Amino acid sequence: MFRFTSLPIFVAITLGQFSFAADKEVLHVGVPWSLFPDVPPTHLKLVNQPVKDTLQYHTGYVTEVTNRSSALKVAEDIDAGKVQLGVFLGHEFAWAKQQYPDLEPLLLAVQSPCEVKAVFLVRENAKATRLSEFKDARFARAHLLRDYANLYLEKSQAEELKGSFTRVEKTTNAHNAIHKVIDGEADIALVEFAAWKYFQKLYPGRAQNVKVLQQSEAFPPTVIAYKKNALSDTMKHRIREGLLAAEQTTKGHTMIRVIEIERFETVPSDFDKRLELVNQAYPCERVNERLVREK
């Protein structure tokens, strides 16, 4: 969600030229750097623009986006009333909600495919069936993995390899990592599930030469959150209904695709359980390592 690996600058500029019927009231939104893992800080204002335009166009509120170094800092700003909304990776929302229990999910931002997970891929004829058998193998991974994939990698190495892969090669992207496995230049690769599905679509023939060794549990999708009782019912309704309708118009469809969103969804009744499972699998102690980075 909200990833801009190869976003053309002209797209952001073009969307920024849309006219909006906005109220005088300003909607302040906090966005952590973790949503843009491959964007340098100097370019954050540029990638903020499509996020700002999407919210502003579909809610009617003048929107201002503020970047923070961590999801926990966004949660802190929401709790203090400095911003009204925050955008969180699903697992970071689970952690932040433990620190700030008044955080409430307003909507989910769903990608396609909707499964947020990571997969270990090996050659189709590989005889090994457990990750522990690959410790000394040649491991390929994209230079930049989304945070949930890194979490799964760290957990898998600690619990199954009892250490790290001894031979690691970082590639420019996930597809190159898969190609290395197919071509015999690597024995195993870790990629995001969405990247694997796209690879199968682009290279159906070559994709038959690899298989999934194992995969992570499903992580929650990206969350748009607010502080309990901090938003009026009118504002919550307007934001929720506006974003839920985004995919139904040509312009809205285009705008959310720029930020790599398939659609916005209401929060399911079992969402608290999903957050609990994340906290069990990836304990909140990691907050100090991954969320608190701002001096």
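The values are calculated or read from the model by the stated rules, or taken from the named source; none is laboratory data. Just so we're clear, the structure is a prediction, and the values are computed from it rather than from any experiment. Counting neighbours? That spans all protein chains shown, and the Cβs are built from the backbone with ideal geometry, glycine included.
Quick notes on this structure:
- Of everything listed in (1) within 15 Å of residue 51 (Cβ to Cβ); (2) out of contact with any strand residue (DSSP E or B) (no Cβ under 9 Å at 6 or more places or on another chain), the single unmet condition for residue 246 is (2).
- Hits in the stretch 54-66 (condition: surrounded by 21 or more Cβ atoms within 10 Å (Cβ to Cβ) and under 19 Å from residue 237 (Cα atoms)): 54, 55, 56, 57, 58, 59, 61, 63
- The residue that is nearest to residue 224 (Cα to Cα), counting only those in the stretch 8-43 that are modelled with pLDDT under 85 and within 16 Å of the chain's Cα centre (by Cα), is 35.
- The one condition from (1) without any contact (Cβ under 8 Å) to a residue 60 or more places away in the chain; (2) within 21 Å of residue 147 (Cβ to Cβ); (3) of a type outside the set (A, V, I, L, M); (4) in the same structural domain as residue 77 (by TED's automatic domain parsing) that residue 249 does not meet is (2).
- Residue list for the stretch 152-188, restricted to those being buried (at least 19 other Cβ atoms within 10 Å of the Cβ) and touching a residue at least 60 places away in the same chain (Cβ under 8 Å): 152, 181, 187, 188
- Flag if residue 37 is surrounded by fewer than 21 Cβ atoms within 10 Å (Cβ to Cβ), in contact with a Lys or Arg (Cβ under 7 Å, 6 or more places away or on another chain) and of a type outside the set (Ser, Thr, Tyr): yes
- Scanning the stretch 185-225 for residues that are touching a strand residue (DSSP E or B) at 6+ places or on another chain (Cβ under 7 Å) and of a type in the set (Ser, Thr, Tyr) returns 216, 222.
- Qualifying residues in the stretch 54-88 (those that are assigned to a strand (DSSP E or B) and aliphatic (A, V, I, L, M)) - the one nearest to the chain's Cα centre (by Cα): 87
- Helices (runs of 4 or more DSSP H) wholly inside the stretch 89-199 that include at least 3 residues being over 19 Å from the mean Cα position of the chain (by Cα), more than 30 Å from residue 224 (Cβ to Cβ) and modelled with pLDDT of 95 or more: 174-182
- Matching residues, the stretch 83-99, being farther than 14 Å from residue 272 by Cα and not β-branched (Val, Ile, Thr): 84, 85, 86, 88, 89, 99
- Residue check for residue 90: surrounded by fewer than 16 Cβ atoms within 10 Å (Cβ to Cβ) and assigned by TED's automatic domain parsing to the domain that holds residue 233: no
- Residue, modelled with the lowest pLDDT, within the stretch 220-259, restricted to residues that are under 15 Å from residue 88 (Cα atoms) and either of a type outside the set (Gly, Ala, Ser) or in a helix (DSSP H, G or I) (or both): 259
- Count of residues meeting criterion [of a type in the set (A, V, I, L, M, F, W, C) and exposed (fewer than 15 other Cβ atoms within 10 Å of the Cβ)] in the stretch 189-244: 2
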